[in-house]
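Presented below is the structure to which this report refers.
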Amino acid sequence: MKTAKLFPTIFVAAMLCAAGVSAQTNPAGIPSQYVQNTETIFQTKGKKMRLYVAPDPLYSPSAINAESRWRWEDGTAWTGSGAALKDWSNENWVEITPTANMNIHVKERFGAMGCESSDATTKNVVAVDAPTYTSIVVDNSSSEWLVSGSTYTKCQNTVDASVSVKLDGLSENGLTDDALKLYGLTYTVEYQTADNAGVWSSSVVVSNVANDVLQSFPLSINVAMKTNSGGAVVPTRYKIKFIENTLQSKISRVSDKRAFIADGGTDLSAVTYSTFTAPGAELEINLYPVPTTGPIYHIPNNF
């Protein structure tokens with residue numbers, strides 16, 4: 001399962017990073033952004049993409065031969081006569097916009113006699129639902145937090161601290177949440193400190209993570225305790241705000257890149273990444289120094 005979830009990462013790394021090598025080694029008629037891959041393709045539903053098939057090198061050694069033809073089908077097996085995704089043409093590519101899983105088959109023909117390859121080449125495309133989640137919570141598996149709704153409280157005397165934030169109900173076509181699945185989600189972090197009288201200071205913004213930064217979930221967020229001028233830890237409160245409708249996933253970003261390239265785009269910095277509907281959330285993290293119990297006082301026994 002974990003290996004399957006890495007497919008989109010491997011695909012885009014190869015597709016986008018190996019372009020220089022591919023430009024020298026690609027068969028005729030295949031753009032440099034595309035490389036040969038054997039894994040299943042994961043594509044977000046409704047996002048278009050192109051597939052290219054390598055032509056026979058005998059007939060098309062340096063360019064697509066004018067006598068070469070290809071037919072693309074979607075189904076359990078090659079038919080040669082059923083509905084075609086793209087009927088016989090001199091183009092060695094097909095453009096698809098998956099809304100359900102697809103089993104792509106393609107064959108090549110050549111010349112007036114229509115000499116046809118004996119076997120079709122196939123490729124599986126999994127149409128992936130847009131990423132969704134139910135809620136954002138702190139991972140309390142160790143039961144070290146006192147939880148009240150979305151407020152989490154813990155006592156400690158150390159400065160270093162972090163919270164493990166997870167997405168409850170994370171789903172993307174049945175692929176589950178783990179450290180190998182990366183998501184983009186906009187959030188801000190701010191903190192306050194309290195004095196001896198329990199008065200909280202004004203909020204200080206720590207960070208604002210943008211959508212183009214892919215985050216790993218469970219997400220580790222630093223909530224280090226603050227110290228006073230004497231170096232002693234003081235009560236520290238963090239507010240972590242996740243912005244609604246800013247969810248992205250690795251697969252959705254790869255899908256956006258494929259759609260961009262299918263439209264003829266070459267400058268990947270110009271890709272517009274889709275964001276998906278997701279609930280916002282605000283988590284409050286309270287850290288209190290552990291109190292030290294003092295000695296007992298009494299009137300001494302003076303006999």
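Here residue 86 is the anchor, and the aspartates and glutamates within straight C-alpha reach of less than 14 Å, apart from those fewer than 8 places off in the same chain, are 73, 74, 95, 108. Residues 102, 113 in ascending order of nearby Cβ atoms (within 10 Å, fewest first): 113, 102. The antiparallel fraction among DSSP beta bridges confined to the chain stands at about 85%.
Of 45/123; 45/241; 226/250; 45/239, which ones are farther than 27 Å apart at the Cα?
Values: 45/123 17 Å; 45/241 29 Å; 226/250 35 Å; 45/239 35 Å.
45/241; 226/250; 45/239, as the Cα separations exceed 27 Å there.
The calculated 222 nm mean residue ellipticity attributable to helices in the chain amounts to -3000 deg cm²/dmol, summing -39500 (n - 2.57) over DSSP H runs of n ≥ 4 and dividing by all residues. Going by alpha carbons, how many degrees (0 to 90, nearest 10) lie between the helix axis of 7-17 and the longest principal axis of the chain? With both axes taken from Cα atoms, the answer is about 70 degrees. Backbone phi angles across the stretch 119-135, fed through the Karplus curve with coefficients 6.51, -1.76 and 1.60 (θ = phi - 60°), yield HN-Hα couplings of 10, 8, 8, 10, 8, 8, 10, 9, 7, 9, 4, 4, x, 9, 8, 8, 7 Hz in residue order; Gly and Pro are listed as x. Given a cut-off of under 8 Å on Cα pairs at least six residues apart, what relative contact order in percent is computed for the chain? Once divided by the residue count of the chain, the mean separation gives 18 percent. The orientation-averaged projected area of the convex hull spanned by the Cα atoms of the stretch 119-178 comes to 7.0 nm². Between 155, 33, 104, the Cα set farthest toward the positive side of the dipole of the chain (charges on each charged residue's Cβ, about the Cα centre) is that of 155. Computed on the stretch 190-303, the Cα convex hull volume stands at 159 Å³ per residue.
Principal-axis analysis of the Cα atoms of the chain puts helix 250-262 at an angle of about 40° to the longest axis. Annotation: peptides 141-153, 257-269, 237-249, ranked by per-residue average of other Cβ atoms within 10 Å with the highest first, follow the order 237-249, 257-269, 141-153. Listing 122, 44 from fewest to most neighbouring C-beta atoms within 10 Å gives 122, 44. Pairwise alpha-carbon distances in the stretch 37-104 exceed 15 Å for 59% of all pairs. Using only alpha-carbon positions in the chain, the gyration tensor eigenvalues give semi-axes of 59, 18, 15 Å once each is multiplied by 5 and square-rooted (largest first).
Taken together, the values in this text are just the output of simple stated rules run on the coordinates, not laboratory data. Since the model is a prediction, treat every value here as computed from it, not as a measurement. Neighbour counts run over all protein chains shown; Cβ positions are idealised from the backbone, glycine included.
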